[in-house]
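Presented below is the structure to which this report refers.
Rule-based calculations on the coordinates, nothing more; no lab input. The model shown is predicted, which means the values in this text are computed figures rather than measured ones. Note that each Cβ is placed from the backbone with ideal geometry, even for glycine, and that neighbours are counted across all protein chains shown.
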Amino acid sequence: SIDLLTATAEDLQQLLKAGELTSVELVDRCFAQIDRHDNYLRAVLQRNPQARTVAATLDLERRNGHLRGPLHGIPILIKDNIATHPSLGMNTTGGSLALLTSRPSKSAEIIERVSRSNIMPGWSALGGQAQSAYTTGAVDLTDRVLGHSSPSGSSTGSAVGVSAGYSPLAIGTDTGGSLITPSTRAALYTLRPTMNLVPQDGLIPLSHSFDTVGPMAKSPADLANLLDVLTTPKGSEKRKFYSQITAGDFRDFKIGFLSPETWFFDSDLQRPVPEATAQIKKDTQAAYAKLALTAKSFKEVELVSIDAFEVNGRHSFYDIQAARFKPTFEAYLGTLEDSQVRSLDELIRFNQNHAEKELPPGKSPFITQNAATMTMSDQEHDFLLRHARKVGRDIGIDKTLKEYDVDLVIAPADSPVNLLVSAAGYPSATMPLSYLKYNGRPIGLVAFTTAGGEEMLLNFLRAYENTFPKRCPPSRL
């Protein structure tokens, strides 16, 4: 029998190779899982109507001995801000009804890479108000944006879908934590790659200065296999992240850590719950103690405060996003073969005219409203971008790595460290840790390092997987 809640892509591939499962059967099982749970979880926006046909073709190729890689015939969730050509049978909406009938002129490059590797883009993950598969009770719409009931972030649908067994893999995007936080709250592994390691073309953008694309999975091995696909251009030899995962433990790692006593979400983002706060600190410290037993070195480090983004009355990370969203988004709209909105102003009017669906309680129009009104000269933009990069890199991550002589830094995933990583454009990764007694929500750790550190992070994740208890599936499903 197959437990979709725990099965990794590697597990499923072994069954496919052994002839104990076909890709058609796998698609049917995944669709049945969606039918069973998604009325409540609301993680999937639409299914690929061609999924069974594509799966049958891939099964035939397998029988004929034509395999294109370790993910051949495995379905994958695609975040809904990644362009899929209408020929694939799925719309690209970015979670907006205004783009429901839009027609991208072509699929995003990463979709082409996925298809060339015979991975099936089976269904599209919704970026709206999904429900965690883990927490007891519904999302508290009166809570802060990162409250303990929230699955969190615009890649929520991708993360919830993997945790609920809809697919063993997903692709999400990240601007300031949208891979890291949803993956943590779904007890998943993820890797936010160095900026531009994975192409951005075909994304509904938030900020070209900070956007990136990354994989979500239940194991480091699956992350590595999918990252190999996402980073390999057509006609090129495939990158070998998977084969480079060799670490069995932490003996070769010099690790720095940030204290959970000082690195946590403030009350503007997360309403404090003393019981939950105490457990996050306790479980994080226990994990640190376990890491210290075998690491080459393990020491507490200091990292620049996120307050450093404040300069000349601006916030160099947030204000760049708001000021450049309008031209960036409208440039994307200009690439569409068809769309009922062609400007940010038209999108705002559409949202206002359909407020009962587009702006329900708990869904904020913050970005579109700010982007429509904020002005910024090119000179100021360039200054703020240099400042944000400096905070993230020169006086941030690179300074800490050098000053303390560590390879990477770990921190509570429930902390604003994601802003520094995103501003730097550096890689980071999540590890599932434990589950809040308060409401069942998963908590985790985040690890980060300098540019090009994906191999190191994947090895760290493998060592972590070998050392810590296995992630638990959601007991409610």
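Results, tabulated for the structure shown:
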| item | result |
| --- | --- |
| Segment L60-T136, extension gain: residue separation times 0.36 nm, minus the distance between their alpha carbons | 23.1 nm |
| Rounded D (µm²/s) - the chain, Kirkwood Rh over Cα pairs, Stokes-Einstein at 20 °C, 1.002 mPa s | 95 |
| Within the chain: Cβ-based charge dipole about Cα centre, in debye rounded to nearest 20 (Lys, Arg +1; Asp, Glu -1) | 760 |
| Segments 419-425, 455-461 sorted - mean Cβ within 10 Å per residue, highest first | 419-425, 455-461 |
| Cleavage-rule hits, GluC sites (Glu not before Pro), segment 240-323, DSSP coil, Cβ neighbours within 10 Å at most 10 | E261 |
| Which of I280, A292, Q270, positive extreme of dipole for segment 249-297 (C-beta unit charges) | A292 |
| Long-range amide H partners of A170 with built H, under 5 Å | L77, M216 |
| Footprinting exposure proxy for V24, V54, V160 (fewest neighbouring C-beta atoms within 10 Å first) | V24, V54, V160 |
| Simple label model, 7 Å out from Cα along Cβ direction - K17 to S236, nm | 2.6 |
| DSSP-assigned coil residues among GluC sites (Glu not before Pro) in segment 1-37, each with at most 14 further Cβ atoms within 10 Å | E20 |
| Calculated FRET efficiency for the pair A289/D394, C-beta based, R₀ 45 Å, to 0.05 | 0.90 |
| Extension reserve of the R342-D35 stretch, reckoned as 0.36 nm per residue once the Cα distance is removed | 107.1 nm |
